[in-house]
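**Student:** Let me give you the structure first, and then I'll get to my questions.
The values are calculated or read from the model by the stated rules, or taken from the named source; none is laboratory data. A quick note: this is a predicted structure, and the numbers were derived from the prediction, not measured. Quick reminder, even Gly has a Cβ in these numbers, built from the backbone with ideal geometry, and neighbours come from all protein chains shown.
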Amino acid sequence: NIGNIGGAGLGLQVLFGITPQTGAIISAVIAVLIFVIKEAGKAMDRFTLIAGFVMILLVVYVAVTTGP
């Protein structure tokens, strides 16, 4: 939806110093490419799996080091 594209544009502005409109256009193009390229779904699944695993490891690390 338009809120996600706008938010992605603002995020790219913070990261790279581009205008929010340019960031939104880049985000929209990436989103369209993800839906058009069939292999992108498999790559996204793999990336999500790895990112989730890293998140779990970080939560365990923080829980162990802070000693709640």
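Per-residue answers, yes or no, for (1) modelled with pLDDT of 95 or more; (2) basic (K, R); (3) over 14 Å from the mean Cα position of the chain (by Cα):
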residue: N4; (1), (2), (3): no, no, no
residue: Q21; (1), (2), (3): yes, no, yes
residue: A31; (1), (2), (3): no, no, no
residue: V36; (1), (2), (3): no, no, yes
residue: K42; (1), (2), (3): no, yes, yes
residue: I50; (1), (2), (3): yes, no, no
residue: F53; (1), (2), (3): yes, no, yes
residue: L57; (1), (2), (3): yes, no, yes
residue: V62; (1), (2), (3): yes, no, yes
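Yes/no matrix, rows are residues, columns are (1) surrounded by 10 or more Cβ atoms within 10 Å (Cβ to Cβ); (2) of a type in the set (V, I, T):
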position	(1), (2)
L15	no, no
I30	yes, yes
I37	yes, yes
G52	yes, no
A63	yes, no
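**Student:** Given the criterion under 23 Å from G6 (Cβ atoms), without any contact (Cβ under 8 Å) to a residue 40 or more places away in the chain and hydrophobic (A, V, I, L, M, F, W, C), identify the matching residue among I18, I50, I56.
**Tutor:** Just a single option satisfies the conditions, and that option is I18.
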